[in-house]
Amino acid sequence: MASGCSGAVEMAISVLCNEGQNILLPRPGFCLYNTVAGSRNIETRLYNLLSESNWEVDIEHMESLIDNKTAAVLINNPSNPCGSNFTKSHLRAILGVCEKYKIPLISDEIYADMVFSGQVFTPTATLTSTVPILTLGGLAKQWLIPGWRIGWILINDRHGAFAQVRQGLFALSTLINGPCAPIQAAIPKIFNNVP
C-alpha cells in the first residue's frame, strides 16, 4: 500500500533505481516520474511516443537508450497525458525489449479500465511469465476518490527476481505514515460493490 499512486511511483522508482543509474520514461509523460528520479540523482532517458501511431512507444528509440546502467523501464498505460491504450501486441513488443536486456518494468496502470468505447484494457503483467513487473494503481481515478490517497504496488514476479525488491518495498512502506487504515479496510467493498 502507498499514499496514493504518486506514493507508489516514488516507492517503485526508489526500490529499483540507484543514484547514477538511469530509468527510461515516456515523452510526453506524467511529470512526477522525472521529479522523483531527479530528486534521487537517477538519470532520466525519455523515449518517444508516436503521435501518428496512437501514441505508441517508439520501440527502436526506447531500445537505443538502454545501456548497462539502465535500471528500469516505466510505461503508463492507459496513458496520461495522451489517452492512448496499448494493444496486446504493442505491450508484448515492450516486454520483448525488457526481456532481451533483463530490465524490470514499472507499469503505471492508475487509469486501468478507463478506455474509450470499443477498446479493451490489458494489464501488462498478464502477457509475460518472464519479465518482472511492478504494477502501480490506486483508487483516485477509476473510483473517483483522489483525496483518499490509496495507492498500491502489485509485484509480478514468477521467478524470484524481485526477492530483494519485495524487502525494499516493505522497508520503504514503513518510512512514512501510509494510507488511512479505515479506508484500506473499505477496499474489498469498493472493489466488489462499486461498478
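Using the charge dipole of the chain (Lys, Arg: +1 at Cβ; Asp, Glu: -1 at Cβ; taken about the Cα centre), state which of Tyr111, Ala125, Ile145 has its Cα farthest towards the positive end.
With unit charges placed on the Cβ atoms, the residue in question is Ile145.
Probe 1.4 Å, all protein chains in place: accessible area of Cys82 in Å², nearest 10?
Rounded to the nearest 10, that gives 30 Å².
With a 1.4 Å probe and all protein chains left in place, how much of the accessible area of the chain comes from carbon and sulfur atoms, in whole percent?
54 percent
For Ile176, what accessible area in Å² do you get when you roll a 1.4 Å probe over the heavy atoms of the protein chains, rounding to the nearest 10?
Its heavy atoms expose roughly 110 Å² to the probe.
As a test of reading the structure, rank Thr87, Thr174, Thr128 by solvent-accessible area (1.4 Å probe, protein chains only), most first.
The ranking, largest first, comes out as Thr174, Thr87, Thr128.
Over the stretch 60-195, what is the percentage of antiparallel beta bridges among all DSSP beta bridges, to the nearest 5?
45 percent
Taking all protein chains together and a probe of 1.4 Å, list Met114, Met62 from the most accessible to the least accessible.
Largest to smallest exposure gives the sequence Met114, Met62.
When the dipole is taken about the Cα centre of the stretch 35-179, and only Lys, Arg (+1) and Asp, Glu (-1) are charged at their Cβ, what size is it in debye, to the nearest 20?
460 debye
Express as a percent, rounded to the nearest 5, the fraction of DSSP beta bridges in the stretch 1-76 (both residues included) that run antiparallel.
In the stretch 1-76, approximately 20 percent of DSSP beta bridges are antiparallel ones.
Tell me, what is the per residue accessible area of the stretch 60-195 in Å², probe radius 1.4 Å?
54 Å²
Take Tyr101, Tyr33 and sort them by solvent-accessible surface of the protein heavy atoms, 1.4 Å probe, largest at the top.
Largest to smallest exposure gives the sequence Tyr101, Tyr33.
In nm, what is the difference between 0.36 nm times the number of residues separating Val115 and Leu154 and their Cα-Cα distance?
Separation in residues times 0.36 nm, less the Cα-Cα distance, equals 11.9 nm.
The values are calculated or read from the model by the stated rules, or taken from the named source; none is laboratory data. A quick note: this is a predicted structure, and the numbers were derived from the prediction, not measured. Because the Cβ atoms are built from the backbone with ideal geometry, glycine has one as well, and the counts that use them run over all protein chains shown. For the accessible areas, the whole protein counts, side chains as well, though only heavy atoms, and no ligand, DNA or RNA atoms are used. Shrake-Rupley method; radii C 1.70, N 1.55, O 1.52, S 1.80 Å.
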